[in-house]
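The values are calculated or read from the model by the stated rules, or taken from the named source; none is laboratory data. As the structure is a computational prediction, the values presented were derived from the model and not from experiment. With ideal geometry, Cβ positions are generated from the backbone for all residues, glycine too; neighbour counts draw on all protein chains shown. Side chains are part of the model used for accessible areas, which takes the heavy atoms of the whole protein and leaves out ligands, DNA and RNA. Shrake-Rupley method; radii C 1.70, N 1.55, O 1.52, S 1.80 Å.
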Amino acid sequence: MRRTLPVVLVVSVLLALAGCAGKKPITPAADLWTQGSEAMDQESWDLAIEKYKALLDQYPFDPNAEQAELRIAQAYYFSNRYPEAIAAFGDFERMHPTSPNLAEIEYRRGLAYLAQHKTPDRDQQAVTNALGSFQNIVDRYPGTPWADRATLRIRECRESLAEHDAGIATFYLRRGSLRAAEARLRGLLRQYPDTDATAQTLWVFAAAWRDRDEPEEAHLALATLAYHRPELPIAAEARDKLATTGGVPAQDPMPALVARIDALAYTPERLAVPSTVSSYPERAGAGQPGAGR
């Protein structure tokens, strides 16, 4: 006599088989790691991100999990997806505060910020953020190769920021807004005295002051240029002009120039602002910074 399986048991077996048939086979962790690494080697960044994310989702405690997180951030960076890279680098730093890769992480994040910077006349927040990252490397990881690289990037960032402020200073100067122009020059002297942009701006202001028959200011501008950037070609020209008035002083002339700018700030000539002078006008006209933005 043939026995019949209970109906409930048959249904259970069928459901179990159907469930198994609907599930995708789980890829071993080692395979996901290998596939992600091969994609990185081939510069298939999106595929690499996909494989490393699958590894983290399925095997969060895998020995390669930390390295997978780092490579996801790197893949974002190399594929020019800079906002995602910045976020991923930040997440890695928060999750792995003792990682030996933190100096590299900070450096890559600084580069990602810099990559988002367009031109000197645009908002400088990306450069400011990059400068913070590079300075952090120098402060936290001195003597490392990453600190050496960051030092060069700091110079690049400072030059960019100085170039931006120099553009505004010369714009005000051309428009005849002396007080605003000199205030910007004062900021350059305080923050970026060692940059090419500041040296070039001093040269421009020296000529403007000379044309306005303000020899003391012109002399101090040339002296400051020659004192702080003696290696530049325009510094040689500045020394030639200073030769007839005593040459380059032995002491730094910058404090005297800053004091002179401060003393002039509230004179009637400086307070007489021309009609609507702004480096960021609400309605930019032809030839003004901001036109066409």
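Computed quantities for the displayed model
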{"item": "Residue in segment 191-211 that is surrounded by 21 or more Cβ atoms within 10 Å (Cβ to Cβ), within 23 Å of the chain's Cα centre (by Cα), under 21 Å from Ala263 (Cβ atoms) and hydrophobic (A, V, I, L, M, F, W, C) present", "result": "no"}
{"item": "Residues (open to solvent by 80 Å² or more (accessible area, probe 1.4 Å) and in contact with a Gly (Cβ under 9 Å, 6 or more places away or on another chain)) located in segment 257-274", "result": "Val273"}
{"item": "Filtered residues of segment 257-268 (kept if assigned to a helix (DSSP H, G or I) and either basic (Lys, Arg) or more than 12 Å from His219 (Cβ to Cβ) (or both))", "result": "Val258, Ala259, Arg260, Ile261, Asp262, Ala263, Leu264, Pro268"}
{"item": "Ala75 vs. criteria of a type in the set (Gly, Ala, Ser), modelled with pLDDT of 95 or more and more than 14 Å from the chain's Cα centre (by Cα)", "result": "yes"}
{"item": "Hey, Ala87 hydrophobic (A, V, I, L, M, F, W, C) and either surrounded by fewer than 18 Cβ atoms within 10 Å (Cβ to Cβ) or assigned to a loop (DSSP other than H, G, I, E, B) (or both) or not", "result": "yes"}
{"item": "Positions within segment 233-256 being small (Gly, Ala, Ser), surrounded by 11 or more Cβ atoms within 10 Å (Cβ to Cβ) and part of a helix (DSSP H, G or I), in sequence order", "result": "Ala235, Ala236, Ala238, Ala256"}
{"item": "Close pairs from segment 172-188: first at negative phi and assigned to a helix (DSSP H, G or I), partner surrounded by fewer than 19 Cβ atoms within 10 Å (Cβ to Cβ) and among the charged types (D, E, K, R), Cβ under 6 Å, at least 6 apart", "result": "Leu178/Arg270; Arg179/Arg270"}
{"item": "For Tyr77: the one exception among (1) buried (at least 22 other Cβ atoms within 10 Å of the Cβ); (2) over 20 Å from Pro28 (Cα atoms)", "result": "(1)"}
{"item": "Segment 176-222, residues that are under 16 Å from Leu264 (Cα atoms), touching a helix residue (DSSP H, G or I) at 6+ places or on another chain (Cβ under 8 Å) and of a type in the set (Asp, Glu)", "result": "Glu182, Glu216, Glu217"}
{"item": "In segment 41-63, the residues that are more than 15 Å from Pro28 (Cβ to Cβ) and open to solvent by less than 30 Å² (accessible area, probe 1.4 Å)", "result": "Ala48, Ile49"}
{"item": "Residue in segment 9-24 that is modelled with pLDDT of 95 or more, assigned to a helix (DSSP H, G or I) and loosely packed, with under 15 Cβ neighbours inside 10 Å present", "result": "no"}
{"item": "So Ile86, is it in contact with a Leu (Cβ under 9 Å, 6 or more places away or on another chain), of a type outside the set (Asp, Glu) and under 21 Å from Gln116 (Cα atoms)", "result": "no"}
{"item": "Positions within segment 93-115 being open to solvent by 70 Å² or more (accessible area, probe 1.4 Å) and either modelled with pLDDT under 90 or polar (S, T, N, Q) (or both), in sequence order", "result": "Thr98"}
